[in-house]
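Report on the structure given below.
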Amino acid sequence: MKILKIHGDTGSSVIRVGETLERLDKYIPPENVVIITDINVKNLYGHKFPPHPVITVETGEKIKTLHTVEYICEELVALGADRSTFIVGIGGGIVCDITGFVASIYLRGVRFGFVSSTLLSQVDASVGGKNGVNFKGYKNMIGVFSQPEFVICDLNLLKTLPKKEILCGLAEIVKHAVIGDADLFTYLEEQYKKALDMDMGVVEKLVYESIVIKSGIVNRDELEKGERRKLNFGHTFGHAIEKTTGVPHGEAVSAGMVIASALSVKRGFLPAKDEERIKNLLQNLRLPTHLKADRKMVLDALKKDKKRQGDRIYFVWLNGIGNAFVDRIPMGELEAVIDKHMEPV
Ligand code: GLY
């Protein structure tokens with residue numbers, strides 16, 4: 001097991017890569033614990049949960065709403081949860097985001113931790129203290145920063161993940177390498193086949209190195225006033241594509257990273273050969289570099305991005321592989337690249 005730590009103003013978090021769900025009881029109180037999970041995780045792994053009450057939600061982005069938050073709060077009240085209750089989210093990014101949000105607002109906040117069950121949530125969603133839900137078509141519009149006491153990244157849980165879910169996680173790993181670690185990028189170029197085959201030695205290194213990059217950034221800028229914005233590389237277009245086409249998050253981010261790289265080349269920041277390397281790696285990982293989308297809908301979604309400030313939006317640029325920076329971009333410049341990088345529907 002490898003351990004990483006986040007120390008923020010909103011709490012401290014210990015991330016345990018290679019710890020297992022079976023040993024969860026070592027990190028939680030013996031009683032007054034409530035588990036939140038989704039129906040898939042409960043069916044697959046419910047028999048490994050410690051013996052505490054379980055609140056089960058459905059799956060998918062559609063349940064990441066205030067309605068689900070209300071349902072969980074009602075269940076917590078029915079269970080008699082009080083200020084000393086410890087809440088554990090066992091699941092992927094959606095379960096962890098909702099659990100963290102509920103735990104942060106229920107009775108003005110109770111202790112919480114996560115067992116992260118997908119590659120995407122292990123390398124990104126469950127780490128860093130962003131918790132929240134979508135609202136009226138705006139992604140992650142309502143939420144809080146609040147660090148889980150622990151995140152258990154149980155690599156064994158990844159063995160039952162569908163291929164599409166694995167690809168989503170790999171896209172975020174590529175993102176971390178591109179913004180912060182050229183050596184990790186080269187490692188991915190060399191080991192992509194083993195990563196796709198879920199070779200556990202390779203996967204463990206990718207999860208750990210990804211969290212090294214993310215936790216480093218979060219330790220320096222927990223509340224996203226500056227450097228943390230780099231973690232949104234590929235997400236400006238990614239979120240807009242995800243919302244308008246319904247493709248999984250990682251696929252949309254993959255296409256978004258290609259557009260962001262192309263814009264960096266166009267502005268003269270990134271050598272064209274680095275854009276090619278990024279595109280090739282994504283293609284080797286069976287991730288899309290081009291998607292079909294409705295131009296007007298994508299533009300509308302870009303305008304609704306919470307990073308927009310007036311006519312400009314914070315955008316993540318590349319100087320090279322492993323080297324990103326943030327600066328605002330006029331909305332018009334984003335509009336101009338849509339046609340080149342997206343097929344109309
Ligand atoms: N997923 C981006 C962040 O945690 O800041």
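Between Rg and the Kirkwood Rh of the range 166-251, both from Cα atoms, what is the Rg to Rh ratio?
0.99
If I fit a long axis through the Cα atoms of helix 66-78 and take the longest principal axis of the Cα atoms of the chain, what angle between them do I get, 0 to 90°, rounded to 10?
Result, in degrees: 10.
Work out, in µm²/s and without decimals, the Stokes-Einstein translational diffusion coefficient of the range 102-149 at 37 °C, 0.692 mPa s, Rh from Kirkwood over C-alpha pairs.
Answer, rounded: 283 µm²/s.
Rounded to two decimals, what is Rg over Rh for the range 298-345 when you use alpha-carbon atoms and the Kirkwood radius?
Dividing the radius of gyration by the Kirkwood radius yields 1.01.
What order, most packed first, do the peptides 10-20, 332-342, 170-180 have when packing is the mean number of other Cβ atoms within 10 Å of each residue?
Final packing ranking: 170-180, 10-20, 332-342.
Starting from the Cα gyration tensor of the range 78-168, multiply each eigenvalue by 5, take the square root, and state the resulting semi-axes largest first in whole Å.
Values for the range 78-168, descending: 23, 16, 11 Å.
Report, in cubic angstrom per residue, the convex hull volume of the C-alpha atoms of the range 257-311.
Given the Cα convex hull of the range 257-311, per-residue volume reads 107 Å³.
For the range 66-128, with equal point scatterers placed on the C-alpha atoms only and solvent neglected, what are the log10 I(q)/I(0) values from the Debye formula at q = 0.26 1/Å, to two decimals?
So the normalised log intensities are -1.07.
Sorted by packing (mean other beta-carbon atoms within 10 Å per residue), highest first, where do 247-260, 113-126 land?
113-126, 247-260
With labels modelled as points extended 7 Å from the Cα through the Cβ direction, what inter-label distance (nm, one decimal) is found for LYS303 paired with LYS26?
It is 5.4 nm.
Among the listed pairs LYS175/LYS306; LYS159/LYS273; LYS64/LYS303, give every one whose C-alpha distance is greater than 31 Å.
Cα-Cα > 31 Å for LYS159/LYS273; rest within.
For the range 143-226, with the dipole built from +1 on Lys and Arg beta-carbon atoms and -1 on Asp and Glu ones, taken about the Cα centre, which of MET200, ALA171, ILE217 lies farthest toward the positive end?
It is ALA171, whose Cα lies furthest towards the positive end.
Rounded to whole Å and ordered largest first, report the semi-axes of the equivalent ellipsoid of the chain derived from its Cα gyration tensor (root of 5λ).
Output for the chain: semi-axes of 33, 22, 18 Å.
Kirkwood Rh and Cα-based Rg: tell me the resulting Rg over Rh for the range 204-345, rounded to two decimals.
0.95
Over what distance in Å are the Cα centres of the range 162-226 and the range 1-21 separated?
Here the two parts' Cα centres lie 16 Å apart.
Under unit Cβ charges (Lys, Arg +1; Asp, Glu -1), what dipole magnitude, rounded to 20 debye, does the range 154-300 have relative to its Cα centre?
500
Amide H to amide H under 5 Å from GLY11: which residues, 5+ apart in sequence or cross-chain, H placed 1.01 Å off N in plane?
For GLY11, whose amide H was placed from the backbone, the distant partners under 5 Å are GLN147.
Which length gain, in nm to one decimal place, applies between SER84 and LYS62 when the Cα-Cα distance is subtracted from 0.36 nm times their residue separation?
Gain in length upon complete extension: 4.9 nm.
Dipole of the chain (Lys/Arg Cβ +1, Asp/Glu Cβ -1, origin at the Cα centre): which of ILE329, GLN283, LEU231 lies farthest to the positive side?
Of the candidates, ILE329 comes out farthest on the positive side.
Using alpha carbons only, how many degrees (0 to 90, rounded to 10) separate the axis of helix 200-220 from the longest principal axis of the chain?
Relative to the chain, helix 200-220 is tipped by roughly 90 degrees.
Mind checking the dipole of the chain: about its Cα centre, +1 per Lys or Arg Cβ, -1 per Asp or Glu Cβ, Debye to the nearest 20?
Taking the Cα centre of the chain as origin, the dipole is about 580 debye.
Can you find, among SER84, GLY268, TYR187, the residue sitting farthest towards the positive end of the charge dipole of the chain, where Lys and Arg contribute +1 and Asp and Glu -1 at Cβ?
Farthest towards the positive pole: GLY268.
Nothing charged except the Cβ atoms of Lys and Arg (+1) and of Asp and Glu (-1): what's the magnitude of the dipole of the range 65-152 about its Cα centre? Round to the nearest 20 debye.
Taking the Cα centre of the range 65-152 as origin, the dipole is about 220 debye.
Any read-out appearing in this document is the output of simple, stated calculations on the displayed coordinates, not a laboratory observation. Remember, it's a predicted structure, so these values are computed and weren't measured experimentally. Cβ sites come from the backbone with ideal geometry, for glycine too, and all protein chains shown count toward neighbours.
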